[in-house]
Amino acid sequence: MRLMQTMYFLLTCLLCGLSVFLCKGHPVEVDLQSGNHTAEALQRLLKVFGLENHLPHPRHHPLPPQYMLDLYRWLADGTSGESLHLHHHGANTVRSFYSKESSTDSNHYVFDISSGIPAHEEIVEAQFHFFTHLFHTSRSHQGSHVIQINLYDEFLNTSSKLLEARMVSAHASGWEVFRVTSSAKRWISNHDFNKGLIVQVLDGSGRVWRDRRVHRLQSSRPPILIVFSQDSKTSTTHRKPSKPHNFQNIEFQSRAANQNSLKKNTSTEGSQRSPRSAITANGDCMRHELRVDFEKLGWSTWIISPKWYDAYVCAGACAFPLGQNQRPTNHATVQSIVHELSLTAGVGAPCCVPTELHSVSLLYFDEHMNVVLKQYDDMVAAGCGCQ
């Protein structure tokens, strides 16, 4: 939780300019326009995002896999709540990998996951996505109504292990998803074990398709490896184990209130003012708008989505007497009374702080140009109160 509190403070400092509210409600001047302060704050912000050693400097971007775009949109556009979680055995990170093999006459696919997945992440599931497109157009196999796809794990160039044999319609197009979790875990444990996957296609009579023909059919939608992992550095919330979800259908759960209802809680007057003027205005403890703009942070070249998000900031006075709308804790109520009566020297008023925090998801390119979808807990102030 301390890590995300640091993140919340850094965002407030970076985006509110010079004035930052302290817990007594009075602003303090912090000169963040100085290069030293800005560079240090940005570096710490990268560390919170787990990107301090992985900041990419891309010259050009490949097209993100459609699956990753759809997965992010499913999270971002969900109407069941503001904080959505990847309840897939605790996974909070999803990565996509294209094969580093580029031969036009081979169905051998090698995915370099060792350099893309850091040591502090644990793989919970891996999927091989293979698109079966226009199999029925092959003239030599027009009589076949069923196609068999065999997926092999080539082990140390000595033998190939059959992972799955699947029968699919020769007259339908779509993505076939194969679970290859055991293979991916073996590859990450020892890079020498990663000799890739081999796809073999047979028609209804058992005749094997030539590799070049199958590979040509994949040119517009090349196979991808999707890896779900648990990043221990960015996960701060301990939740009860949940029922695993089928990510082929991309199902999610929510634990927060409806996003629209949260936006309605922001006053019309506050929404018309700039974030800085809203934060520095006098008044009781409440939630104010705080836009995190990745372009202003200099991250827009490698962050795919979102371009910005509302983190919100809690600011204002926690003056005696505290009302229930300020969501005071018992301790805050006692502290407010002690402060009002001056019973103990040096005891200030309670602080205006977030009482409920939601997560945010980030879709970005890593330094290897792989697309990463990561969920960060406790990044959005959903409610404010005096504590």
PHE320: over 28 Å from MET379 (Cβ atoms), surrounded by fewer than 19 Cβ atoms within 10 Å (Cβ to Cβ) and among the aromatic types (Phe, Trp, Tyr), yes or no? yes
Residues being at pLDDT below 80, assigned to a strand (DSSP E or B) and either touching a strand residue (DSSP E or B) at 6+ places or on another chain (Cβ under 9 Å) or under 15 Å from LEU225 (Cα atoms) (or both): count how many of those fall in region 122-166. 1
Would you please name the residue that is farthest from HIS108 (Cα to Cα), looking only at residues in region 167-188 that are open to solvent by 50 Å² or more (accessible area, probe 1.4 Å) and not in a helix (DSSP H, G or I)? HIS171
Where the second residue is surrounded by fewer than 17 Cβ atoms within 10 Å (Cβ to Cβ) and not hydroxyl-bearing (Ser, Thr, Tyr) and the first is at pLDDT 95 or above and lies in region 176-188, which pairs have Cβ atoms under 7 Å and are six or more apart or on separate chains? VAL177/GLN248; PHE178/GLU164
Test for TYR312: is it touching a residue at least 12 places away in the same chain (Cβ under 8 Å) and either within 25 Å of ALA39 (Cβ to Cβ) or surrounded by fewer than 21 Cβ atoms within 10 Å (Cβ to Cβ) (or both): no
Being in a loop (DSSP other than H, G, I, E, B), open to solvent by 10 Å² or more (accessible area, probe 1.4 Å) and modelled with pLDDT of 90 or more: is that true of PRO64 here? yes
I'd like the full set of residues that are open to solvent by less than 10 Å² (accessible area, probe 1.4 Å) and farther than 17 Å from ASP310 by Cβ, limited to region 346-362. PRO350
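The values are calculated or read from the model by the stated rules, or taken from the named source; none is laboratory data. All values reported here derive from a predicted model rather than from experimental measurement. No Cβ is skipped: glycine too gets one built from the backbone with ideal geometry, and neighbour counts run over all protein chains shown. Just so you know, the surface numbers come from the protein's heavy atoms only, side chains and all, with ligands and any DNA or RNA stripped out. Shrake-Rupley method; radii C 1.70, N 1.55, O 1.52, S 1.80 Å.
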